[in-house]
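The values are calculated or read from the model by the stated rules, or taken from the named source; none is laboratory data. These figures come from a predicted structure and were not determined experimentally. Cβ coordinates were reconstructed from backbone atoms using ideal geometry, including for glycine residues, and neighbour counts include every protein chain displayed.
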Amino acid sequence: MTVEQNEYVATLPMLLTELEVLRAERVSPSYVRIELGGAALAQLGPDGPVYDQRIKLIFPNAAGVLPSFADADESIWTTWMQIPEEERGSMRTYTIRDRVGEGAETRLVIDIVVHEGEDGHAPDGPGNRWALQAAAGQRLVVLAPRKGHEFGGIEWSPGTATRLLLVGDETAVPAIRGVLRDLPADATGAAYLEVPVDADVQQITAPAGVSVTWLPRNGGARGAELHPAVLDHLTGTAPTEAIVVSDDEIDPDLWETPVHSSSGEEVAVATAVPTGDAPYAGLYAWIAGESKVVTGLRRKLVNDLGLDRGQVAFMGYWREGVSMRS
Ligand SMILES: Cc1cc2nc3c(=O)[nH]c(=O)nc-3n(C[C@H](O)[C@H](O)[C@H](O)COP(=O)(O)OP(=O)(O)OC[C@H]3O[C@@H](n4cnc5c(N)ncnc54)[C@H](O)[C@@H]3O)c2cc1C
């Protein structure tokens, strides 16, 4: 079945289109899997491996209406911000879990973490609320890469690294899964994935040389098992004391990668994974999740263990208690 196309501006260098929900399934306590279809997906990029490709989803406004981008030019953000706030709906960032099928039958699959009523609170956040009621036949606007055009949004960049480390919480599982799926068969390293509960552990494919460790919190604090597991992996010793991060230590836009610094640190023009006698030579680390947890690891890895900023990507995918700006 081909879903009717509704692409606003077919000439834009990115895909900006309404897509239809073909399937919405609560696959585990914390994940709703959404399968989106639409003829425009024949043009879905990226041209190469998907890795941790991020995209934007725009959820309908309170009246259930999606914004129109009929006159959008390349500065889609400006077009979107010009729509009155109560009308424009909400934009959030997600990861392509899977791109399946061919041509107009291509499907875009996304895993949305749901955090309903956590700690006794009512479900919060437009992405969360939408996912909790999602059903086939509903529509979303998607901003995603278009074949043949540079879009950005893939942070995975291990360069010449010989040893890989991937660390993330439930929001980063789709990205880590994508990287592991797309790695060369001879890659070596380790992945640590923290999820809310045992039942959120998924089957994922990884090269034989990459170990995959799931760390369900099962009611424990965020990062409580993740931090020691990662430090044990790197140093051979798990710290017995928790990493304490104060609120004012958190960069609200935490995004420290070899090529970008949200805190304004100097970024080298050409970055490379250190070799020779440098500490952790040959290692490339990709770390994403709740900002406080990621900040704690950043402090340990960069300040205490001396990892070079050219060999690490630390990304705040979300922040506890803070709604993402849109
Ligand atoms: C590059 C990138 C890729 C991402 N990929 C994915 C993905 O594939 N799947 C996915 O689910 N998320 C992903 N995220 C994270 C997602 O964008 C955020 O979780 C976002 O805040 C969700 O929006 P919301 O509308 O549900 O909540 P918001 O309106 O942003 O926040 C409302 C409240 O919900 C809380 N909240 C937000 N997210 C969570 C959570 N996961 N658990 C508990 N509380 C939460 C906030 O702290 C806040 O108190 C990604 C983020 C980035 C930057």
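Observations on the model:
- Of all residues in segment 36-53, those satisfying the criterion of being crowded, with 20+ Cβ neighbours inside 10 Å and of a type outside the set (Val, Ile, Thr) are LEU36, GLY37, GLY38, ALA40, LEU41, GLN43, LEU44, GLY45, PRO46, TYR51, ASP52, GLN53.
- Filtered by the rule that a residue be in contact (Cβ under 8 Å) with a residue 60 or more places away in the chain and either buried (at least 21 other Cβ atoms within 10 Å of the Cβ) or of a type in the set (D, E, K, R) (or both), segment 190-218 gives GLU194, VAL195, PRO196, ASP200.
- Meets criteria (closer than 14 Å to GLY159 by Cα and either acidic (Asp, Glu) or not in a loop (DSSP other than H, G, I, E, B) (or both)) for ALA313: yes
- Among the residues examined, SER157 qualifies as assigned to a loop (DSSP other than H, G, I, E, B), closer than 30 Å to VAL201 by Cβ and either in contact with a Ser or Thr (Cβ under 6 Å, 6 or more places away or on another chain) or among the hydroxyl-bearing types (Ser, Thr, Tyr) (or both).
- Qualifying residue in segment 314-324 (condition: at pLDDT 95 or above, within 22 Å of ASP52 (Cβ to Cβ) and of a type in the set (Gly, Ala, Ser)): yes
- All strands (runs of 3 or more DSSP E) inside segment 25-126 with 2 or more residues being more than 10 Å from the ligand (Cβ to nearest atom), farther than 30 Å from ALA221 by Cβ and of a type outside the set (A, V, I, L, M, F, W, C): 31-37, 98-100
- Checked against (1) among the charged types (D, E, K, R); (2) closer than 19 Å to VAL50 by Cα; (3) part of a helix (DSSP H, G or I), GLU150 passes all but condition (3).
- Unique match (being in contact (Cβ under 8 Å) with a residue 60 or more places away in the chain, within 14 Å of the ligand (Cβ to nearest atom), under 23 Å from GLU18 (Cα atoms) and not charged (D, E, K, R)) among VAL142, VAL179: VAL142
- Residue in segment 291-307 that is within 16 Å of the ligand (Cβ to nearest atom) and not in a helix (DSSP H, G or I) present: no
- Per-region count, segment 308-325, residues near the ligand (Cβ under 6 Å from one of its atoms) and surrounded by fewer than 18 Cβ atoms within 10 Å (Cβ to Cβ): 5
- Scanning segment 179-189 finds one or more residues that are in contact with a helix residue (DSSP H, G or I) (Cβ under 9 Å, 6 or more places away or on another chain) and closer than 28 Å to GLY48 by Cα.
- Scanning segment 146-159 for residues that are more than 15 Å from TRP286 (Cβ to Cβ) and away from the ligand (no atom under 16 Å from the Cβ) yields a count of 5.
- Of all residues in segment 267-290 being in a loop (DSSP other than H, G, I, E, B) and hydroxyl-bearing (Ser, Thr, Tyr), the one that is nearest to the ligand (Cβ to nearest atom): THR271
- Scan of segment 68-115 for residues that are touching a residue at least 40 places away in the same chain (Cβ under 8 Å), buried (at least 16 other Cβ atoms within 10 Å of the Cβ) and of a type in the set (Ser, Thr, Tyr), ordered by number: SER90, THR93, TYR94, THR95, THR106
- Inclusion of LEU57 among residues that are under 19 Å from SER90 (Cβ atoms) and either in contact with a Phe, Trp or Tyr (Cβ under 6 Å, 6 or more places away or on another chain) or in the same structural domain as TRP286 (by TED's automatic domain parsing) (or both) is warranted.
- Taken together, ALA206, ALA185 contain a single residue that is within 19 Å of GLY289 (Cβ to Cβ), in the same structural domain as LYS300 (by TED's automatic domain parsing) and aliphatic (A, V, I, L, M), which is ALA206.
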